[in-house]
């Protein structure tokens with residue numbers, strides 16, 4: 001299982017933060033839970049939408065964009081990865097921002 005966070009501001013949408021830079025928590029919103037743990041499979045599911053039964057929207061979310069650069073995947077154990085132009089970068093939230 002993984003929670004998907006998407007940027008809610010134009011400044012952070014479609015932008016990968018420099019490696020090691022924490023993401024400002026207030027700029028993101030949890031949009032869905034995916035019944036999958038493999039990062040590449042999550043990317044595939046949320047771009048092809050060929051397994052919608054594995055995706056559950058979070059309460060209050062009516063829809064979401066496909067998984068894109070700048071979005072964050074939070075795995076079950078708490079590890080977080082930001083979708084980068086190539087691959088996924090480990091990331092943490094900065095809860096003070």
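What the table shows:
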read-out: Stokes-Einstein D (µm²/s) once Rh is taken as the Kirkwood radius of the chain over alpha-carbon pairs, at 37 °C in 0.692 mPa s; value: 247
read-out: Estimated inter-spin distance, residue 38 and residue 68, nm [label 7 Å along Cα→Cβ]; value: 2.6
read-out: Helix 39-48 axis, angle to the chain major axis (alpha carbon atoms, nearest 10°); value: 60
read-out: Relative contact order of segment 2-94, defined on C-alpha pairs under 8 angstrom at six or more residues apart (%); value: 38
read-out: Stretch gain in nm, segment residue 56-residue 86, where the contour uses 0.36 nm per residue and the Cα spacing is subtracted; value: 8.2 nm
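Rule-based calculations on the coordinates, nothing more; no lab input. In this text the structure is predicted, and so the values were computed from the model without any measurement. Ideal geometry is used to build each Cβ from the backbone, glycine not excepted, and the neighbour counts take in all protein chains shown.
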